[in-house]
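The values are calculated or read from the model by the stated rules, or taken from the named source; none is laboratory data. The model shown is predicted, which means the values in this text are computed figures rather than measured ones. Note that each Cβ is placed from the backbone with ideal geometry, even for glycine, and that neighbours are counted across all protein chains shown. Heads up: the accessible areas ignore ligands, DNA and RNA and are worked out on the full protein's heavy atoms, side chains in. Shrake-Rupley method; radii C 1.70, N 1.55, O 1.52, S 1.80 Å.
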Amino acid sequence: MQYFPMFFNINERPCVVVGGGEVAARKVSLLSRAGGKVTVVSPQLCESLQRRLADGEIQHKAKSYGSEDINDCVLVVAATDDAAVNRSISELAQQKNLPVNVVDQPELCTFVVPSLIDRSPVQVAVSTGGASPVLARLLRTRLETLIPASYGRLASLMDEFRDKVKAHFPDGDKRRRFWETVIQGPVAEMVYAGKEEAAREAMHEAVDEGVTSTPEFGEVYLVGAGPGDPDLLTFRALRLLQQAEVIIYDRLVSEEILDLARRDADLVYVGKERDKHTLPQEDINQMLVRIAKKGKRVLRLKGGDPFIFGRGGEEIETLMEEGIPFQVVPGITAAAGAASYAGIPLTHRDYAQSALFVTGHLKDGSMNLNWNALVQPNQTVIVYMGLLGVKSLCQKLIEHGMAPDKPIALVQQATTANQRVLIADLQTMPQRVDQEDIKPPTLIIVGDVVKLHEKLAWFEPQGVSSEGS
Ligand code: SAH
């Protein structure tokens with residue numbers, strides 16, 4: 001082992017940073033976060049250090065470094081661009097047995113600063129002993145995705161209960177098992193979902209009953225899977241995918257995303273192809289209730305975002321009525337995915353100040369839209385579920401006063417390898433659609449922003465670029 005790992009308490013203790021540039025500023029920021037009282041020695045300060053000084057967070061000695069500057073401190077950082085100065089700081093600090101770090105010069109350091117995943121009070125530090133900071137950062141990124149952002153809140157909650165739990169479980173083994181069930185169970189999930197009070201209550205109950213009783217019901221996670229590219233999942237979606245015992249998904253969810261589920265999870269397909277709903281919505285609602293009542297964690301995975309034309313509202317209404325705990329995890333909606341991957345910003349200072357999301361497909365199969373609202377100027381209209389009705393959409397928009405040469409885009413299977421972008425105008429689109437074999441899911445974008453596609457398209461699915469008219 002090249003270094004001895006440790007976490008150093010510098011709270012309220014004097015630390016000295018020599019150097020006033022951005023590199024110094026980053027070290028100052030870390031030291032301040034850990035509560036250190038930082039003095040910066042440097043004739044000049046960069047902007048962010050000036051801001052800190054103005055906010056009273058640091059002290060400043062506006063001068064060049066001299067040996068007297070590191071007399072009264074517990075730690076020194078040298079971040080000047082003068083190699084000789086850095087070396088002399090290192091030497092003097094070592095004579096005084098002061099821990100010293102010289103930025104980017106491991107041979108002059110007695111300590112290195114690790115890459116940090118900060119979920120205070122939980123901290124994970126990664127070091128390659130200076131061998132490869134890039135590798136350390138990469139590892140850090142991977143770990144960031146594994147550790148929920150609210151881990152710190154969970155740790156704080158556990159800290160609150162430490163004495164109580166100790167009193168209830170004098171036996172070390174039992175206590176450990178208790179904590180394990182807390183960390184992997186519903187209490188932790190409540191904390192991650194931001195239901196801290198409920199988590200605290202559940203903890204009290206669990207300790208009083210002496211066990212983490214399996215709650216009466218399981219839980220439902222209503223999760224947005226995004227438009228297709230698995231990389232667009234949220235961290236939370238991924239974590240819950242790896243946790244749920246049952247996953248209920250529909251047609252819009254890609255195979256690659258299902259591959260991320262826990263290996264032994266039951267995958268239940270509930271379809272939803274146009275006109276042949278494999279399972280009526282009411283049955284899906286009831287299915288969620290039934291499985292959760294068996295004590296299982298059920299993940300209801302939906303394309304895009306669950307609350308945008310996703311019937312998420314209907315599903316949780318039933319859960320609410322039945323008293324089943326649930327949480328909702330947003331996803332990237334098709335409009336956002338299609339816009340980004342097709343290079344069509346939905347708003348733009350020159351073309352559109354607002355964006356309207358509508359569905360072209362109503363419960364009764366008709367397309368009954370507020371056409372006057374749709375034809376307003378400086379607006380982008382995004383139509384979900386509109387492929388079948390695209391011809392009548394174009395016709396109605398023209399009838400209600402939109403210019404026949406208003407650009408319109410069809411984005412097929414956005415963000416996936418099969419993405420295609422078909423661009424035309426209101427007049428020519430009906431004909432174009434007949435010529436092309438467009439496959440669902442498809443999103444329609446109407447408005448002048450569509451013109452930007454030509455300039456801004458960047459995504460090349462399978463290396464095929466998109467087609468214009
Ligand atoms: N909740 C989903 C929308 C469900 S409605 C979301 O937020 O995205 C289904 C419609 O979404 C489809 O008919 C299509 O218009 C659109 N859609 C979903 N995924 C899409 C994709 N990858 N590319 C284009 N359109 C998509």
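Table for the structure above
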{"read-out": "Cα long-axis angle, helix 151-160 against the chain (0 to 90 degrees, to the nearest 10)", "value": "60"}
{"read-out": "Stretch gain in nm, segment Q353-E196, where the contour uses 0.36 nm per residue and the Cα spacing is subtracted", "value": "52.7 nm"}
{"read-out": "Accessible surface ranking that places the most exposed of I408, I291, I398 first, with a 1.4 angstrom probe", "value": "I398, I291, I408"}
{"read-out": "Antiparallel %, DSSP beta bridges [both residues in segment 52-203], to 5", "value": "60"}
{"read-out": "Cα extents of segment 1-119 along the three principal axes, largest first (Å)", "value": "42, 37, 23"}
{"read-out": "Fraction in percent of alpha-carbon pairs per bin - 10 Å, segment 242-363", "value": "11, 39, 31, 14, 4, 0"}
{"read-out": "Qualifying lysines (Cα of each under 28 Å from Cα of K294; at least 8 residues distant if same chain)", "value": "K174, K195, K272, K302"}
{"read-out": "Listed residue (G343, L53, S254) projecting farthest to the positive dipole end of the chain, Cβ model", "value": "L53"}
{"read-out": "Cβ-based charge dipole, the chain, positive-most Cα from I398, L98, V268", "value": "L98"}
{"read-out": "Those aspartates and glutamates that a straight Cα-Cα span of less than 13 Å connects to K166, excepting residues fewer than 8 apart in one chain", "value": "D208"}
{"read-out": "Antiparallel %, DSSP beta bridges [both residues in the chain], to 5", "value": "35"}
{"read-out": "Cross-link reach list, lysines versus K455, counting only Cα pairs under 23 Å and skipping chain neighbours closer than eight places", "value": "K406"}
{"read-out": "Cα-based Kirkwood hydrodynamic radius, segment 335-463, one decimal, Å", "value": "14.5"}
{"read-out": "Folded to 0 to 90 degrees: helix 312-322 orientation relative to the chain principal axis, Cα", "value": "80"}
{"read-out": "Spatial separation of Cα centroids for segment 1-32 and segment 187-206, in angstrom", "value": "35"}
{"read-out": "Stokes-Einstein diffusion coefficient of segment 306-403, Kirkwood radius over Cα pairs, 37 °C, 0.692 mPa s, in µm²/s", "value": "211"}
{"read-out": "Solvent-accessible surface ranking, highest first, for E315, E209 at 1.4 angstrom", "value": "E209, E315"}
{"read-out": "Rounded percent of accessible protein surface that carbon and sulfur make up, the chain, 1.4 Å probe", "value": "50"}
{"read-out": "Accessible area of the chain divided out per residue, in Å², using a probe of 1.4 angstrom", "value": "52"}
{"read-out": "Calculated P(r) tail over 28 Å for the chain, as whole % of Cα pairs", "value": "66"}
{"read-out": "Solvent-accessible surface (1.4 angstrom probe) belonging to D259, in square angstrom, nearest 10", "value": "90"}
